[in-house]
Amino acid sequence: MARRLVLSTTIAVAALTWTSGIAAADPQPEQTVYAIGKCVTAQQPAQARPERFDYNCDNTGVLEGMTWTEWGYDGARGTGDDSSVECQPNCAQGRTLTNPVVVHAWNPRQERNSDCPPGVAFYRDMTIAYPDGVPPWITPDTNWDEGTDFVTVDGMPAVHFSNMNPWCRVF
């Protein structure tokens with residue numbers, strides 16, 4: 001009987017130690033900070049529910065006035081304004097257009113790049129939908145570049161950024 005009690009206690013302690021080790025190595029969704037965007041610098045740190053962020057890393061596409069109704073492991077949903085440069089004749093001389101947007105981001109993953117902050121999962125997919133009509137450079141159902149497609153979301157023309165990898169600069 002004593003031997004059985006010692007064996008049961010040993011198994012219970014081993015199981016507790018094993019599960020604790022997994023929890024520490026792989027943070028649970030409620031322990032993770034979720035971030036949107038692909039540009040992480042000292043000027044634009046990874047943050048949850050940002051009111052403003054540059055999604056192109058060069059100030060040619062900035063979401064501002066953002067309010068978020070959802071934010072977490074299952075994704076992010078919000079509304080605000082897209083302040084983007086129409087790169088005609090080029091991005092330096094193009095005019096800035098501001099349009100209301102509906103943003104949806106999903107597919108969070110932690111970046112293994114040592115320059116990115118630990119414990120932060122970046123949304124890898126994001127759509128920016130335009131409820132009042134498209135900016136002149138968007139043609140629904142076309143592809144601009146690999147990972148940037150023009151689509152329709154809930155009846156609205158949109159841009160879908162897929163497989164976004166954050167660009168993190170050492171602080």
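The values are calculated or read from the model by the stated rules, or taken from the named source; none is laboratory data. It should be emphasised that the depicted structure is a prediction, and the values quoted were computed from it without experimental measurement. All Cβ positions, even for glycine, are placed from backbone atoms using ideal geometry, and neighbour counts span all protein chains on display.
Listing for the model above:
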{"quantity": "Residue in segment 14-31 that is closer than 20 Å to Arg109 by Cβ and at pLDDT 70 or above present", "calculated": "yes"}
{"quantity": "Failed item in (1) under 12 Å from the mean Cα position of the chain (by Cα); (2) part of a loop (DSSP other than H, G, I, E, B), with Arg77 passing the rest", "calculated": "(2)"}
{"quantity": "Qualifying residues in segment 81-132 (those that are small (Gly, Ala, Ser) and within 22 Å of Asn59 (Cα to Cα)) - the one surrounded by the fewest Cβ atoms within 10 Å (Cβ to Cβ)", "calculated": "Ala92"}
{"quantity": "Meets criteria (part of a strand (DSSP E or B) and either touching a Lys or Arg at 6+ places or on another chain (Cβ under 8 Å) or at pLDDT below 85 (or both)) for Val103", "calculated": "yes"}
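Residue-wise test of (1) assigned by TED's automatic domain parsing to the domain that holds Val101; (2) under 22 Å from Ser83 (Cβ atoms); (3) assigned to a strand (DSSP E or B).
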position	(1), (2), (3)
Met126	yes, yes, yes
Pro131	yes, yes, no
Ile138	yes, yes, no
Asn163	yes, no, no
